[in-house]
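The values are calculated or read from the model by the stated rules, or taken from the named source; none is laboratory data. Bear in mind the structure is a predicted one, so any value in this text is a computation, not a measurement. Here the Cβ positions follow ideal geometry from the backbone for every residue, glycine too, while neighbour counts run over all protein chains shown. Keep in mind that these areas ignore ligands, DNA and RNA; they rest on the heavy atoms of the full protein, side chains included. Shrake-Rupley method; radii C 1.70, N 1.55, O 1.52, S 1.80 Å.
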Amino acid sequence: MSGIEIVNGIVGAVFGILFATLFQQPLQNVWSTVRRRSATSLRSLTYRSDGTVSTWSSFSLGPLHTSALIVEGDGTHPIAPGAMRLQVLEGEVALPDDMAPWRAEIAAEEELRGQDPAAGVRIWNGPRYAVESLAVSRTPLDEQPDVLVRLRPTDYFTFLAAQQLDRRLPDGSTPRARYLDPGDPLSAPAFLQCSFGVNVAVVTADHLLVVNRRADQVRSGPGLWGASVNEGLSRHIDSAGRHAPDLHDVARRGMREELSLESHEYALSLLALVLDVDRRQWSAHFSAHLKDLNGEALRARISRGVTDRWEHQSQDYVPFRPADVMEHLLRDDRIHHWAPVAPALFHLALVHAHGRGAVERAEARAVRRAGRTGRS
């Protein structure tokens with residue numbers, strides 16, 4: 001190697017070090033800006049319908065059809081805690097003038113119910129959150145999800161009023177027809193999306209999936225079979241008006257209140273963000289695997305008291321194997337009695353534990369068996 005080549009090599013190395021030192025942070029800032037911009041533009045680029053057939057489809061399993069749309073996540077890898085963020089905006093959600101009387105009706109009914117013990121359980125108007133908008137992007141290097149959900153304050157009576165999507169307005173239309181676009185399921189005003197919660201699939205140490213049936217007296221999905229744990233975000237409990245809620249903390253609260261389980265007793269994984277497009281209810285889907293408690297021990301724990309016992313009326317413990325869970329989902333006495341997001345939740349939990357290939361093979365066999373049974 002000549003002296004000139006050596007000198008050129010040294011000069012090149014020095015310039016390389018100077019370039020990395022001077023420009024590394026600006027380049028990182030550029031990547032961060034690109035990521036933020038992609039988050040704001042993704043909705044219009046990816047969530048668009050072609051005008052006739054939506055580019056999105058809700059979860060189905062053979063003859064089992066649901067309104068659960070998996071917006072982000074597929075179960076194969078958990079979503080990192082910091083990758084799904086919530087931001088609370090100022091200004092409460094307000095119903096349109098022609099829907100506001102519906103909320104007033106609910107408030108008046110509950111006031112009367114509180115004065116008459118024979119009228120049934122009174123529903124309290126708890127502070128909640130409505131979903132204003134959603135931004136989804138990928139980190140530039142490892143393409144991990146980056147999800148930002150923007151929320152606005154609302155309350156339970158507004159949620160109940162907004163759930164009347166097919167009630168006639170004074171002009172003869174319905175909120176569903178007036179405000180929702182079937183070709184763009186993620187586009188909806190915040191006042192129709194006054195529900196955000198978590199659903200958890202709990203698996204015991206001896207590999208049993210906990211399946212709960214909702215109580216008949218609850219307002220949302222009474223009598224339906226669903227998640228092991230279902231918990232809505234509360235402005236009063238989960239943020240106290242000072243900070244945005246943390247979804248993992250909400251899931252832990254649900255585990256404690258509904259199953260009397262503490263955070264050190266299980267491993268918690270965030271699997272997906274899901275929307276019930278029929279009822280406009282958002283959900284973060286989790287799986288929780290108990291470290292030591294088996295099914296018998298969990299039943300004994302519950303028998304000694306749980307905070308929210310009234311929310312569920314019965315439980316099943318299903319072997320957490322793809323074939324067994326699929327057969328349970330397609331049972332004749334269950335197939336039409338699932339909460340809309342539950343089958344997708346259990347599918348994602350199975351994929352997370354057993355892998356996509358094994359789960360899809362079991363699903364295909366279960367669907368074939370269900371078809372033969374239906375023809376017989």
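Every condition in (1) part of a helix (DSSP H, G or I); (2) at pLDDT 95 or above is met by L112 except one, and the failing one is (2). Yes or no: A135 in contact with a Pro (Cβ under 8 Å, 6 or more places away or on another chain), closer than 22 Å to V277 by Cα and open to solvent by less than 50 Å² (accessible area, probe 1.4 Å)? No: the conditions fail for A135. In region 100-109, the condition of being under 21 Å from V277 (Cα atoms) and either assigned to a loop (DSSP other than H, G, I, E, B) or of a type outside the set (K, R) (or both) is met by no residue.
The rows are residues; the columns are (1) charged (D, E, K, R); (2) open to solvent by less than 40 Å² (accessible area, probe 1.4 Å); (3) not in a loop (DSSP other than H, G, I, E, B).
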position: S173; (1), (2), (3): no, yes, no
position: F191; (1), (2), (3): no, yes, yes
position: V198; (1), (2), (3): no, yes, yes
position: N230; (1), (2), (3): no, no, yes
position: A244; (1), (2), (3): no, yes, no
position: H248; (1), (2), (3): no, yes, yes
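Check region 88-99 and report whether any residue there is part of a strand (DSSP E or B), closer than 30 Å to A272 by Cα and touching a Pro at 6+ places or on another chain (Cβ under 7 Å).
no
Taken as a whole, the structure leaves A162 outside the set of residues that are among the small types (G, A, S) and open to solvent by 60 Å² or more (accessible area, probe 1.4 Å).
If you go through region 61-82 one residue at a time, how many are open to solvent by 40 Å² or more (accessible area, probe 1.4 Å) and assigned to a strand (DSSP E or B)?
At the first step, the residues of region 61-82 found to be open to solvent by 40 Å² or more (accessible area, probe 1.4 Å) are 63, 65, 70, 74, 76-78, 80-82.
Going one step further and asking which of them are assigned to a strand (DSSP E or B), we end up with 65, 70.
Looking only at that region, the number is 2.
Only one entry of R113, R122, R85 meets the criterion of being farther than 19 Å from W282 by Cα and open to solvent by 70 Å² or more (accessible area, probe 1.4 Å), and that entry is R122. Scanning region 216-228 for residues that are surrounded by fewer than 20 Cβ atoms within 10 Å (Cβ to Cβ) and out of contact with any Lys or Arg (no Cβ under 9 Å at 6 or more places or on another chain) returns D216, Q217, V218, R219.
Just to verify a result, which residue in region 297-321, among those that are among the charged types (D, E, K, R) and touching a residue at least 24 places away in the same chain (Cβ under 8 Å), is nearest to H352 (Cα to Cα)? In this case the residue turns out to be R321.
Residues of region 281-295 include none that is open to solvent by 10 Å² or more (accessible area, probe 1.4 Å), of a type outside the set (D, E), part of a helix (DSSP H, G or I) and at pLDDT 95 or above.
Among the criteria (1) open to solvent by 60 Å² or more (accessible area, probe 1.4 Å); (2) under 26 Å from G197 (Cβ atoms), the one L95 does not fulfil is (1).
Checked against (1) within 25 Å of L270 (Cα to Cα); (2) open to solvent by 30 Å² or more (accessible area, probe 1.4 Å); (3) out of contact with any helix residue (DSSP H, G or I) (no Cβ under 7 Å at 6 or more places or on another chain), A364 passes all but a single condition, namely (1). When S303 is tested against the conditions (1) open to solvent by 30 Å² or more (accessible area, probe 1.4 Å); (2) hydroxyl-bearing (S, T, Y); (3) in contact with a His (Cβ under 8 Å, 6 or more places away or on another chain), the lone failure is (3).
Figure legend. Inter-residue proximity from region 200-222: first residues more than 10 Å from H289 (Cα to Cα), second residues of a type in the set (K, R) and buried (at least 16 other Cβ atoms within 10 Å of the Cβ), beta-carbon distance below 7 Å, spacing 6+ or different chains. Indicated pairs: G221/R214; P222/R214. Among the criteria (1) closer than 26 Å to E110 by Cβ; (2) open to solvent by less than 10 Å² (accessible area, probe 1.4 Å), the one V203 does not fulfil is (1).
Could you say which residue among H354, H328, H337, H347 is farther than 30 Å from T158 by Cβ, of a type outside the set (D, E) and either touching an Asp or Glu at 6+ places or on another chain (Cβ under 6 Å) or open to solvent by 30 Å² or more (accessible area, probe 1.4 Å) (or both)?
Details: H328 fails: either touching an Asp or Glu at 6+ places or on another chain (Cβ under 6 Å) or open to solvent by 30 Å² or more (accessible area, probe 1.4 Å) (or both); H337 fails: farther than 30 Å from T158 by Cβ; H347 fails: either touching an Asp or Glu at 6+ places or on another chain (Cβ under 6 Å) or open to solvent by 30 Å² or more (accessible area, probe 1.4 Å) (or both).
Result: H354 is the single residue among H354, H328, H337, H347 that is farther than 30 Å from T158 by Cβ, of a type outside the set (D, E) and either touching an Asp or Glu at 6+ places or on another chain (Cβ under 6 Å) or open to solvent by 30 Å² or more (accessible area, probe 1.4 Å) (or both).
In this structure, L259 qualifies as touching a helix residue (DSSP H, G or I) at 6+ places or on another chain (Cβ under 7 Å), crowded, with 24+ Cβ neighbours inside 10 Å and over 24 Å from E132 (Cα atoms).
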